[in-house]
Amino acid sequence: MAETHVLFVEDDDVIREATQLALERDGFAVTAMPDGLSGLEAFRANRPDIALLDVMLPGMDGVSLCRRIRDESTVPVIMLSARADSIDVVLGLEAGADDYVTKPFDGSVLVARIRAVLRRFGHAGGPAAGDARRADTPEGGVLVFGELEVDTEGMEVRRGGAPVGLTPTEMRLLLEFSSAPGTVLSRDKLLERVWDYGWGGDTRVVDVHVQRLRTKIGQDRIETVRGFGYKLKG
(Lines give C-alpha, C1' and ligand atoms only; values in the text may rest on other atoms or scores of the structure.)
Protein backbone atom coordinates (compact mmCIF):
# COMPACT_ATOMS: atom_id res chain seq x y z
CA MET A 1 0.00 0.00 0.00
CA ALA A 2 1.33 3.43 -0.94
CA GLU A 3 2.34 5.78 1.83
CA THR A 4 -0.11 8.49 2.78
CA HIS A 5 1.35 11.82 1.74
CA VAL A 6 1.02 14.67 4.25
CA LEU A 7 1.69 18.32 3.46
CA PHE A 8 2.75 20.03 6.69
CA VAL A 9 3.10 23.82 6.68
CA GLU A 10 4.60 25.26 9.89
CA ASP A 11 6.96 28.21 10.33
CA ASP A 12 8.46 27.12 13.66
CA ASP A 13 11.58 25.11 12.76
CA VAL A 14 11.55 22.98 15.92
CA ILE A 15 7.86 22.06 15.68
CA ARG A 16 8.11 21.43 11.94
CA GLU A 17 11.12 19.11 12.19
CA ALA A 18 9.91 17.25 15.28
CA THR A 19 6.42 16.72 13.88
CA GLN A 20 7.75 15.61 10.52
CA LEU A 21 9.92 12.99 12.19
CA ALA A 22 7.01 11.80 14.35
CA LEU A 23 4.71 11.45 11.34
CA GLU A 24 7.37 9.64 9.33
CA ARG A 25 7.88 7.19 12.19
CA ASP A 26 4.17 6.42 11.95
CA GLY A 27 4.51 5.60 8.26
CA PHE A 28 3.49 8.86 6.61
CA ALA A 29 5.38 10.50 3.76
CA VAL A 30 5.76 14.17 4.70
CA THR A 31 6.46 17.32 2.72
CA ALA A 32 7.19 20.08 5.25
CA MET A 33 7.21 23.74 4.25
CA PRO A 34 7.94 26.88 6.33
CA ASP A 35 5.45 29.39 4.92
CA GLY A 36 2.14 29.70 3.12
CA LEU A 37 3.45 30.55 -0.36
CA SER A 38 5.85 27.61 -0.48
CA GLY A 39 3.09 25.47 1.02
CA LEU A 40 0.76 26.35 -1.86
CA GLU A 41 3.49 25.55 -4.38
CA ALA A 42 4.14 22.21 -2.69
CA PHE A 43 0.42 21.42 -2.67
CA ARG A 44 0.12 22.05 -6.39
CA ALA A 45 3.29 20.09 -7.17
CA ASN A 46 2.63 17.07 -4.97
CA ARG A 47 -1.17 16.83 -4.51
CA PRO A 48 -0.95 15.35 -1.00
CA ASP A 49 -3.56 13.13 0.64
CA ILE A 50 -4.01 15.57 3.53
CA ALA A 51 -2.78 19.04 4.50
CA LEU A 52 -1.82 20.21 8.00
CA LEU A 53 -1.71 24.00 8.12
CA ASP A 54 -0.60 26.23 10.96
CA VAL A 55 -2.90 29.24 11.29
CA MET A 56 -0.09 31.78 11.75
CA LEU A 57 2.21 31.60 8.73
CA PRO A 58 4.43 34.20 7.05
CA GLY A 59 3.74 35.27 3.49
CA MET A 60 0.28 33.74 3.34
CA ASP A 61 -1.49 32.80 6.56
CA GLY A 62 -2.96 29.36 7.08
CA VAL A 63 -6.57 30.49 6.66
CA SER A 64 -5.80 32.07 3.28
CA LEU A 65 -3.83 28.99 2.26
CA CYS A 66 -6.77 26.79 3.23
CA ARG A 67 -9.07 28.89 1.03
CA ARG A 68 -6.69 28.57 -1.92
CA ILE A 69 -6.47 24.81 -1.47
CA ARG A 70 -10.23 24.51 -1.13
CA ASP A 71 -10.70 26.47 -4.36
CA GLU A 72 -8.74 23.76 -6.16
CA SER A 73 -9.39 20.56 -4.25
CA THR A 74 -11.50 18.69 -1.70
CA VAL A 75 -8.38 17.22 -0.08
CA PRO A 76 -8.84 17.05 3.71
CA VAL A 77 -7.37 19.95 5.68
CA ILE A 78 -6.57 20.11 9.40
CA MET A 79 -5.72 23.49 10.89
CA LEU A 80 -3.22 23.83 13.74
CA SER A 81 -4.05 26.63 16.19
CA ALA A 82 -2.14 27.84 19.22
CA ARG A 83 -5.31 28.66 21.17
CA ALA A 84 -8.48 26.59 21.53
CA ASP A 85 -10.63 29.69 21.93
CA SER A 86 -9.05 31.64 19.07
CA ILE A 87 -11.27 33.18 16.43
CA ASP A 88 -8.72 31.72 14.02
CA VAL A 89 -10.22 28.28 14.68
CA VAL A 90 -13.61 29.38 13.38
CA LEU A 91 -12.04 31.28 10.49
CA GLY A 92 -10.13 28.18 9.49
CA LEU A 93 -13.25 26.03 9.54
CA GLU A 94 -15.18 28.65 7.60
CA ALA A 95 -12.39 28.64 5.02
CA GLY A 96 -13.07 24.96 4.42
CA ALA A 97 -10.92 23.09 6.95
CA ASP A 98 -12.34 19.76 8.07
CA ASP A 99 -10.93 19.75 11.59
CA TYR A 100 -8.38 21.46 13.81
CA VAL A 101 -5.85 20.50 16.47
CA THR A 102 -4.71 22.84 19.26
CA LYS A 103 -1.00 23.39 19.89
CA PRO A 104 0.89 22.19 21.78
CA PHE A 105 -0.33 18.76 20.71
CA ASP A 106 0.69 15.22 21.55
CA GLY A 107 2.01 13.35 18.55
CA SER A 108 -0.27 10.38 19.13
CA VAL A 109 -3.31 12.68 19.27
CA LEU A 110 -2.33 14.35 16.00
CA VAL A 111 -1.85 10.98 14.31
CA ALA A 112 -5.23 9.79 15.60
CA ARG A 113 -6.95 12.88 14.23
CA ILE A 114 -5.19 12.53 10.87
CA ARG A 115 -6.25 8.90 10.59
CA ALA A 116 -9.82 9.73 11.59
CA VAL A 117 -10.03 12.34 8.84
CA LEU A 118 -8.42 10.01 6.29
CA ARG A 119 -10.92 7.25 7.10
CA ARG A 120 -13.73 9.67 6.27
CA PHE A 121 -12.06 10.50 2.97
CA GLY A 122 -11.38 6.93 1.90
CA HIS A 123 -7.69 6.65 2.78
CA ALA A 124 -5.76 4.36 5.12
CA GLY A 125 -8.17 1.49 4.76
CA GLY A 126 -11.23 3.58 5.54
CA PRO A 127 -14.44 3.77 3.53
CA ALA A 128 -14.28 5.32 0.10
CA ALA A 129 -16.25 8.47 -0.53
CA GLY A 130 -18.93 6.49 -2.30
CA ASP A 131 -19.31 4.27 0.77
CA ALA A 132 -19.50 7.14 3.24
CA ARG A 133 -23.15 6.54 4.18
CA ARG A 134 -24.05 4.91 7.47
CA ALA A 135 -25.65 1.49 7.42
CA ASP A 136 -29.07 2.94 8.20
CA THR A 137 -29.00 5.39 5.30
CA PRO A 138 -31.59 4.35 2.71
CA GLU A 139 -29.98 2.42 -0.15
CA GLY A 140 -30.59 3.31 -3.76
CA GLY A 141 -32.67 5.97 -5.41
CA VAL A 142 -32.78 9.67 -4.74
CA LEU A 143 -34.02 11.23 -1.52
CA VAL A 144 -36.08 14.37 -2.08
CA PHE A 145 -36.59 17.18 0.42
CA GLY A 146 -38.41 20.00 -1.31
CA GLU A 147 -36.09 21.29 -4.03
CA LEU A 148 -33.18 19.32 -2.56
CA GLU A 149 -32.28 15.93 -4.07
CA VAL A 150 -29.72 13.63 -2.44
CA ASP A 151 -28.44 10.72 -4.51
CA THR A 152 -27.06 8.34 -1.89
CA GLU A 153 -25.60 5.98 -4.50
CA GLY A 154 -23.96 8.49 -6.83
CA MET A 155 -22.94 10.77 -3.96
CA GLU A 156 -24.47 13.74 -5.76
CA VAL A 157 -26.67 16.56 -4.52
CA ARG A 158 -28.90 18.84 -6.56
CA ARG A 159 -30.84 21.89 -5.54
CA GLY A 160 -33.57 23.02 -7.89
CA GLY A 161 -32.05 20.68 -10.47
CA ALA A 162 -28.61 22.32 -10.28
CA PRO A 163 -25.64 20.34 -8.92
CA VAL A 164 -24.35 21.33 -5.49
CA GLY A 165 -20.63 20.98 -4.79
CA LEU A 166 -19.97 19.56 -1.33
CA THR A 167 -16.75 18.56 0.36
CA PRO A 168 -16.64 14.95 1.58
CA THR A 169 -17.20 16.13 5.16
CA GLU A 170 -20.23 18.18 4.11
CA MET A 171 -21.55 15.20 2.18
CA ARG A 172 -21.22 12.91 5.19
CA LEU A 173 -22.99 15.49 7.32
CA LEU A 174 -25.86 15.75 4.84
CA LEU A 175 -26.12 11.96 4.65
CA GLU A 176 -26.54 11.83 8.42
CA PHE A 177 -29.37 14.34 8.27
CA SER A 178 -31.03 12.78 5.23
CA SER A 179 -30.95 9.29 6.79
CA ALA A 180 -33.30 10.53 9.52
CA PRO A 181 -35.25 13.60 8.34
CA GLY A 182 -37.13 15.32 11.13
CA THR A 183 -34.99 13.63 13.79
CA VAL A 184 -32.92 15.90 16.02
CA LEU A 185 -29.22 15.00 15.95
CA SER A 186 -27.10 16.35 18.77
CA ARG A 187 -23.74 17.96 18.13
CA ASP A 188 -22.01 15.20 20.10
CA LYS A 189 -23.72 12.53 18.00
CA LEU A 190 -22.69 14.29 14.79
CA LEU A 191 -19.11 14.55 16.05
CA GLU A 192 -19.15 10.80 16.67
CA ARG A 193 -20.75 9.82 13.38
CA VAL A 194 -19.27 12.32 10.94
CA TRP A 195 -15.91 13.22 12.51
CA ASP A 196 -15.30 9.79 14.03
CA TYR A 197 -14.64 11.24 17.48
CA GLY A 198 -14.65 8.44 20.00
CA TRP A 199 -13.94 11.10 22.59
CA GLY A 200 -15.23 14.59 23.26
CA GLY A 201 -14.65 17.30 20.69
CA ASP A 202 -15.25 20.96 20.02
CA THR A 203 -18.82 21.36 18.78
CA ARG A 204 -17.81 24.49 16.86
CA VAL A 205 -16.62 22.08 14.19
CA VAL A 206 -20.21 20.92 13.79
CA ASP A 207 -21.74 24.40 13.96
CA VAL A 208 -19.47 25.85 11.28
CA HIS A 209 -19.99 22.91 8.93
CA VAL A 210 -23.76 23.13 9.38
CA GLN A 211 -23.57 26.80 8.44
CA ARG A 212 -21.47 25.99 5.37
CA LEU A 213 -23.94 23.28 4.39
CA ARG A 214 -26.87 25.65 4.81
CA THR A 215 -25.37 28.16 2.39
CA LYS A 216 -25.27 25.42 -0.24
CA ILE A 217 -28.57 23.57 0.26
CA GLY A 218 -30.72 26.39 1.66
CA GLN A 219 -30.65 28.25 4.96
CA ASP A 220 -34.05 26.91 6.06
CA ARG A 221 -33.43 23.26 5.17
CA ILE A 222 -31.56 22.48 8.41
CA GLU A 223 -33.33 23.64 11.54
CA THR A 224 -31.63 24.49 14.84
CA VAL A 225 -33.35 22.95 17.86
CA ARG A 226 -32.03 25.01 20.73
CA GLY A 227 -30.46 23.02 23.50
CA PHE A 228 -30.56 19.79 21.49
CA GLY A 229 -28.98 20.03 18.04
CA TYR A 230 -30.09 20.13 14.43
CA LYS A 231 -32.60 18.39 12.18
CA LEU A 232 -33.29 18.25 8.46
CA LYS A 233 -36.73 19.39 7.41
CA GLY A 234 -38.47 16.67 5.43
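The values are calculated or read from the model by the stated rules, or taken from the named source; none is laboratory data. For clarity, every value in this text was computed on a predicted model and none was experimentally measured. Glycine gets a Cβ as well: all are built from the backbone with ideal geometry, and neighbour counts include every protein chain shown. The accessibility values were calculated without ligands, DNA or RNA, using every heavy atom of the protein model including side chains. Shrake-Rupley method; radii C 1.70, N 1.55, O 1.52, S 1.80 Å.
Here is how the numbers come out for the structure above:
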{"item": "Selection within segment 111-145 - modelled with pLDDT under 55 and in contact with a Gly (Cβ under 9 Å, 6 or more places away or on another chain)", "result": "A128, A129, G130, D131, A132"}
{"item": "Residue, modelled with the lowest pLDDT, within segment 89-105, restricted to residues that are open to solvent by less than 50 Å² (accessible area, probe 1.4 Å) and part of a helix (DSSP H, G or I)", "result": "V89"}
{"item": "Test result for A51, out of contact with any Lys or Arg (no Cβ under 7 Å at 6 or more places or on another chain) and either modelled with pLDDT under 95 or farther than 23 Å from L91 by Cα (or both)", "result": "no"}
{"item": "Candidates L173, L232, L148, L191 - the one that is in contact with a Pro (Cβ under 6 Å, 6 or more places away or on another chain) and at pLDDT 90 or above", "result": "L232"}
{"item": "Residue in segment 62-69 that is among the aliphatic types (A, V, I, L, M), out of contact with any Ser or Thr (no Cβ under 7 Å at 6 or more places or on another chain) and over 21 Å from G165 (Cα atoms) present", "result": "no"}
{"item": "Selected residue (only one of S108, S73 is polar (S, T, N, Q), under 16 Å from the mean Cα position of the chain (by Cα) and either open to solvent by 40 Å² or more (accessible area, probe 1.4 Å) or at pLDDT 75 or above (or both))", "result": "S73"}
{"item": "Among the candidates V55, V6, V30, V77, residue that is touching a Cys at 6+ places or on another chain (Cβ under 7 Å), touching a residue at least 24 places away in the same chain (Cβ under 8 Å) and among the β-branched types (V, I, T)", "result": "V77"}
{"item": "Count of residues meeting criterion [surrounded by fewer than 16 Cβ atoms within 10 Å (Cβ to Cβ) and under 19 Å from S108 (Cα atoms)] in segment 27-57", "result": "2"}
{"item": "Among residues of segment 156-179, those that are open to solvent by less than 30 Å² (accessible area, probe 1.4 Å), more than 17 Å from T74 (Cα to Cα) and either without any contact (Cβ under 8 Å) to a residue 12 or more places away in the chain or out of contact with any Ser or Thr (no Cβ under 6 Å at 6 or more places or on another chain) (or both), counted", "result": "3"}
{"item": "Given (1) part of a loop (DSSP other than H, G, I, E, B); (2) more than 19 Å from the chain's Cα centre (by Cα); (3) small (G, A, S); (4) at negative phi, index of the condition G59 fails", "result": "(4)"}
